[in-house]
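Novice: Below you'll find the structure I mean.
Read the figures in this text as sums done on the coordinates, not as results from a lab. What you see is a predicted model, and the numbers here were worked out from it, not measured in a lab. Because the Cβ atoms are built from the backbone with ideal geometry, glycine has one as well, and the counts that use them run over all protein chains shown.
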Amino acid sequence: MIDQQSYKNTAQGPPNPRQITADILLQVIQKHQQLDITLEQALRASSLNSRDQAFVRQMVYLVMRRLGGLKHVLGQLVNKPIAKEAALTRTVVLMGLAQILLMRTSDHAAVNESVDLIAGAPHPKERGMKGLVNALLRRAVRESSKWLKAMSERPEADIAGPYRRRWGDRFGIETVKQLGASLASEPPLDIRLKEGEDGAKWAEALDARLLADGTLRRTFTDVTSLAGFDEGLWWVQDRAASIPATLLGDIKGKQVLDMCAAPGGKTMQLASMGANVTAIDRSKARLKRLQQNLQRTGLSATVEMADAAEYDSLLSFDHILLDAPCSATGTFRRNPDVLWNKGPADIAKLAVLQSKLLDHAFSLLPVGGLLIYCVCSLEQEEGEGQITAFLKSHPTAEIVPVTSSEVPSIEQTIANDGTLTLMPSVDAEAGGMDGFYIARLRRHAAG
Ligand SMILES: C[S@@+](CC[C@H](N)C(=O)[O-])C[C@H]1O[C@@H](n2cnc3c(N)ncnc32)[C@H](O)[C@@H]1O
């Protein structure tokens, strides 16, 4: 069996961005490591300059977003599948195909650099696959229009099989096609301004589009270089992720508990809306990021490391926001690895935790208080399944339906019961949004 050694152990000379890209993709595709963490660790450990870092980032995300389509093309190009053990060879071919079909790299460079990459592979058997890599990629160049057409005709191929079926059953095949198509381009960068900042002014300064709900939307970039970042006048938050906090209405001076708060997107939003926020999370590392975010934006909250399933406080809260840990399948455009590395077993496990957190959150809620439950998931078990079961076992809980004026221009996302189901295919012309399920609950008096 061929070793899956990484280039890291054999690299000599200056760091090679393509080798680093291949190593990251191997970790994510073969070893099911989390993409964002693996990428950041690899870049931090490398001495790549910022241009090469941007190349690695772009290539890794492109291959992961289009993995299903690229794998399909590869399957058609080979007479027999490349051995499972030759994982590096397959990765290098997928990278080569991405460059030939989806990037502006010259065909000549894409083929030659891929061949060089495999010629320098750590294992002799993979080095012996140089000829195969060359032949496959040359054929892909000759037939590129055919393969590009095949990929664009089947956008759903980029959604991993289990989710294609799940979401097909739930939303219909047309929606799955639209969800697949949302992977063809880089997701937008969404910015949320502090309350009181002038949206139109900042749209101009940030070269962004101002959406009806106040989101500033632009193309992806290194945010630290943008105006207003150092001054902490805004933070990055997907349009969908900014909706849950707004559903609490006017919270100036109210005590709000943000359960599962880190890294603090919603904490900053709640604090900016004028609430006295208590933000809890059980992850020390993520709370550190929350603290940094608060510091940069000059917003304040009481921050505690705690298990939200057992949390108790001397304070009584007016409202609670529970942004529960979930499969994150709704963020598949930003985290395409979830489609390939998270499955039904993860979802079932998380659903148990969500139900526990929801029960406990409700036990801390006063009569008349609002509880926002949300998950960045497109899975029934984590969304409406959770709330249906919860309402059955909690007779003093009711849904406070979201109204159309609360979600301008996306009223169609309000379900019959008044909860929200958001997804990348919603308002697709404007760039879509992450998938989210959001329910607003209230406790009423017993009897
Ligand atoms: C979806 S993320 C929260 C995102 C955050 N609300 C925001 O807007 O930036 C879920 C969070 O739940 C935290 N978490 C998971 N289980 C928890 C528990 N039992 N108690 C407290 N926090 C928990 C995770 O550490 C993670 O930070």
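Novice: What order do you get for V56, V375, V141 when you list them from fewest to most C-beta neighbours inside 10 Å?
Specialist: With the sparsest Cβ surroundings first, the list reads V141, V56, V375.
Novice: Only four residue types carry charge here, +1 at the Cβ of Lys and Arg and -1 at the Cβ of Asp and Glu. Report the dipole size of the stretch 39-156 about the Cα centre in Debye, rounded to the nearest 20.
Specialist: Its charge dipole is roughly 240 debye.
Novice: Charges at C-beta only: +1 for Lys and Arg, -1 for Asp and Glu. How large is the resulting dipole of the stretch 239-443 about its Cα centre, in Debye rounded to 20?
Specialist: I would put it at about 580 debye.
Novice: In addition: At most 10 other Cβ atoms within 10 Å plus a DSSP loop assignment makes a site exposed; report the longest stretch of the chain without any exposed trypsin sites (Lys or Arg not before Pro).
Specialist: The reported range is 253-447.
Novice: Of all beta bridges DSSP finds with both residues in the chain, what is the antiparallel percent, to the nearest 5?
Specialist: 55
Novice: Kindly provide the helix-only [θ] at 222 nm of the chain, computed as the sum of -39,500 (n - 2.57) over DSSP H runs of four or more divided by all residues, to the nearest 500 deg cm²/dmol?
Specialist: Only helices count here, giving -13000 deg cm²/dmol.
Novice: Another question, then. At a Förster distance of 45 Å, what's the computed FRET efficiency of V352 paired with S50, Cβ-Cβ distance as r, to 0.05?
Specialist: 0.55
Novice: Right, another one. Note the direction-averaged projected area, equal to a quarter of the hull surface, for the Cα convex hull of the chain, in nm².
Specialist: The Cα convex hull of the chain, projected and averaged over all directions, gives 22.4 nm².
Novice: Going down the list K31/K125; K252/K392; K80/K149, which pairs span over 30 Å between their C-alpha atoms?
Specialist: K252/K392
Novice: Let me ask something else. Using the Cα centre of the chain as origin and beta-carbon charges of +1 (Lys, Arg) and -1 (Asp, Glu), tell me which of G168, A309, S355 is placed farthest towards the positive end of the dipole.
Specialist: Looking along the dipole axis, the top candidate is G168.
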